[in-house]
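These notes are about the structure you will find just below.
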Amino acid sequence: MSSEHAPTIGPSSAAQATAPSKSSARGRIAPGPRGPFSGFPLMRNPLPFMEKLFREYGDVVGARFLNFPVYIVAHPEGVKHVLQENHRNYTKSQDYVILARLLGQGLVTSEGSLWLRQRRLMQPMFHRQKIAAFGAMMTDCTLGMIDRWSAIARRQEPVDVTSEMMRLTLEIVGRALLTMDLTSQADTIGREMTIANERFGQFDIGMMLPWLPTRKNFRFRKAVGELRRIVLDIIANRRRENRDYGDLLSMLLAARDEETGEKMSDEQLRDEVLTLILAGHETTANALSWTWYLLSQHREVERKLHAELDEVLGGRPPVMADLGNLNYTGMVIDEAMRIYPPVWAIGRAAIADDEIMGYRIPRGSNVMLSQWLTHRHPKFWEAPERFEPERFSAERVAGLPRYAYFPFSGGPRQCIGNIFALTEAQLVLATIAQSYRLRLVPDHPIELQPLITLRPRYGVKVTLEPARA
Ligand code: HEM
């Protein structure tokens, strides 16, 4: 991996000498660079910049974007305070306004009573038993991809496993949500979703000013308009058909508010569907993509993974009932998401003055909680850059504070799809690993690209080696 992004955090001895001690003085001002532009590198090169601030100033650091203060919090105690203990004092930050241009008022972007009502309506759809119904479909989609791969493997051609995982997770979420294959040639949802999604990775003036008549803004608006129209058509058809497909859309259509008995409007359904497609595929695809990269670099971990798969599955495809026995497989995924968290930071804005770990947070400030920093915090993770799935054994996890690891966030706004994602990732990993060992193409550059999710900038190019030679 490129040295620019090699994991290097941890207070240096020099920084320890100058870092402010957290004494009894409460409400102190968070240390950090104070200039009006001091927060700008957060946009350009966020990961090394956050690491540098953490090394120099410690667990709570302040910087500024023009007039807006931003506080970066690395310590699990601070994360817990914002996400759980004092969550009522925080709304989502401005970044989510940009996301709302695509997702409208879906579960990721909505706030207050609308969010609460929707969360209550949707929570039952994501219970373990409901997700279990999708297990066989998840494995089948993966087997379909493996079939497609066989010709590529015979020709010994490389594949970009990042695009393959994106395609696979889009197919899975499309089937779970709409009983549709969103990856087929004819499918415009998949295509327009990719255009809209990629727009979030392009930081330019048009992104800041969405009304500017630039080509990219025009394409984005067109894609969003098209997506909304298609999803509304699907909803209208479903209402006419009045048939239970057993998918998430059928559940959304049937859901009623417990207190008022109200159902969702078409616009609300549309926003929830688009939200679930976006939130539900790119994150899991990145988790899997980084897992393959890490496995390709750590033969001993790969060997242990195969030993477990051989013992539990003996070559047959996994089913839901196997997951409880695939402990090491689960630990490999947990550890991959520790090192490369698919969501690398989440932003909040303080409604009223607050105090995080003794530091004063004035109202209106942005607070950035970063999985990237916390998952590598040297106080909680020994040799944090080392890929070591055993860290996630039950005994070792029991010794960690809850928020030392929070790939799915926490508190009331914790990811609603976490069980879906973990089930999917385990089934996909177990299915593919039994067919192929993925070998990174020599000299293929691996570089981090922290957009909304943490992607490998040039993908992960691999060759496919049959698992059973
Ligand atoms: C490895 C995969 C995933 C990761 C790492 C992940 C991570 C996250 C995180 C960190 C949040 C909180 C964002 C914030 O508070 O600002 C979140 C929220 C959310 N995620 Fe996921 N997610 C994953 C998969 C999924 C899947 C598969 C679905 C749906 C099928 C999903 C749907 C959602 C929704 C709807 C929310 C908003 C929840 C709310 O605010 O009530 N996610 N996710």
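Which pairs in the list Lys80/Lys379; Lys92/Lys379; Lys52/Lys80; Lys52/Lys379; Lys130/Lys222 are over 25 Å apart, alpha-carbon to alpha-carbon?
Exceeds cut-off: Lys92/Lys379; Lys130/Lys222.
For the charge dipole of the chain, defined by +1 on Lys and Arg C-beta atoms and -1 on Asp and Glu C-beta atoms about the Cα centroid, which residue among Pro407, Ile432, Gly39 has the Cα displaced farthest towards the positive pole?
Of the listed residues, the answer is Gly39.
Can you sort Lys80, Lys52 by how many other beta carbons sit within 10 Å, fewest first?
Lys52, Lys80
Once you sort the root eigenvalues of the Cα gyration tensor of segment 341-469 as a ≥ b ≥ c, which label holds: rounded (a/c under 1.5), prolate (a/b larger than b/c) or oblate (the other case)?
Because a/c hits 1.5 or more and a/b exceeds b/c, segment 341-469 counts as prolate.
Classify segment 336-379 as rounded, prolate or oblate, taking a ≥ b ≥ c as the square roots of the eigenvalues of its Cα gyration tensor: rounded when a/c is under 1.5, otherwise prolate if a/b is larger than b/c and oblate if not.
oblate
Based on the alpha carbon coordinates of segment 281-360, what radius of gyration and maximum Cα-Cα distance (Dmax) apply, in Å?
For segment 281-360, the Cα-based Rg and Dmax read 18.3, 58 Å.
Gain in length, Ile195 to Asp233, computed as 0.36 nm per residue apart minus the alpha-carbon separation, to one decimal in nm?
11.7 nm
Which percent, to the nearest 5, of DSSP beta bridges fully inside the chain are antiparallel?
Taking every DSSP beta bridge with both residues in the chain, the antiparallel ones total about 85 percent.
Given R₀ = 22 Å, FRET efficiency for Arg299-Ser393 by Cβ-Cβ distance, to 0.05?
So the FRET efficiency works out to roughly 0.60.
Once you keep just the Cα pairs under 8 angstrom separated by 6 or more residues, what percentage relative contact order results for the chain?
25
Tell me whether segment 77-210 comes out rounded, prolate or oblate; compute the Cα gyration tensor, take square roots of the eigenvalues as a ≥ b ≥ c, and use a/c under 1.5 as the rounded threshold.
It comes out prolate by the Cα gyration axes.
Describe numerically, in nm with one decimal, the distance between label points set 7 Å from Cα along Cα→Cβ at Arg363 and at Thr214.
Result: 3.5 nm between the two label points.
Could you compute the FRET efficiency for Thr188 and Leu66, with r as their C-beta to C-beta distance and R0 at 45 Å, rounded to 0.05?
0.70
Taking only the Cα atoms of the chain, how large is their convex hull per residue, in Å³?
Hull volume over Cα atoms, normalised by residue count, gives 159 Å³.
Between Glu311 and Ser163, 0.36 nm times their residue separation minus their Cα-Cα distance comes to what?
The span from Glu311 to Ser163 would gain 50.2 nm if fully extended.
Using a Förster distance of 25 angstrom, determine the FRET efficiency expected from the C-beta separation of Lys263 and Lys130, and round it to 0.05.
For Lys263 and Lys130, the calculated efficiency is 0.85.
Taking the Cα centre of the chain as origin, work out the dipole magnitude from +1 charges on Lys and Arg Cβ and -1 charges on Asp and Glu Cβ, in debye rounded to 20.
So the magnitude is around 1040 debye.
Spin-label point model (7 Å from Cα, Cβ direction): what's the Gln123 to Ala153 distance in nm?
4.3
Which of Val161, Leu253, Ile235 sits farthest toward the positive end of the charge dipole of segment 149-271, with +1 on the Cβ of Lys and Arg and -1 on the Cβ of Asp and Glu?
Of the options given, the answer is Val161.
Once every DSSP H run of n ≥ 4 in the chain is given -39500 (n - 2.57) and the sum is divided by its residues, what mean residue ellipticity at 222 nm do you get, rounded to the nearest 500 deg cm²/dmol?
-14500 deg cm²/dmol
Could you bin all the Cα-Cα distances of segment 155-283 into 5 Å bins starting at 0 and give me the percent of pairs in each, rounded to whole numbers?
Calculated P(r), rounded to whole percents: 2, 10, 17, 20, 17, 13, 10, 6, 3, 1, 0, 0.
I'd like to compare 272-280, 319-327: which one has the highest average count of other Cβ atoms within 10 Å, and what's the full order after that?
Sorting 272-280, 319-327 by mean packing, highest first, produces 272-280, 319-327.
Per 0.36 nm of contour for each residue apart, how much would the distance between Arg221 and Tyr458 grow if the chain were fully extended, relative to their Cα-Cα spacing?
82.7 nm
Read the figures in this text as sums done on the coordinates, not as results from a lab. These figures come from a predicted structure and were not determined experimentally. Because the Cβ atoms are built from the backbone with ideal geometry, glycine has one as well, and the counts that use them run over all protein chains shown.
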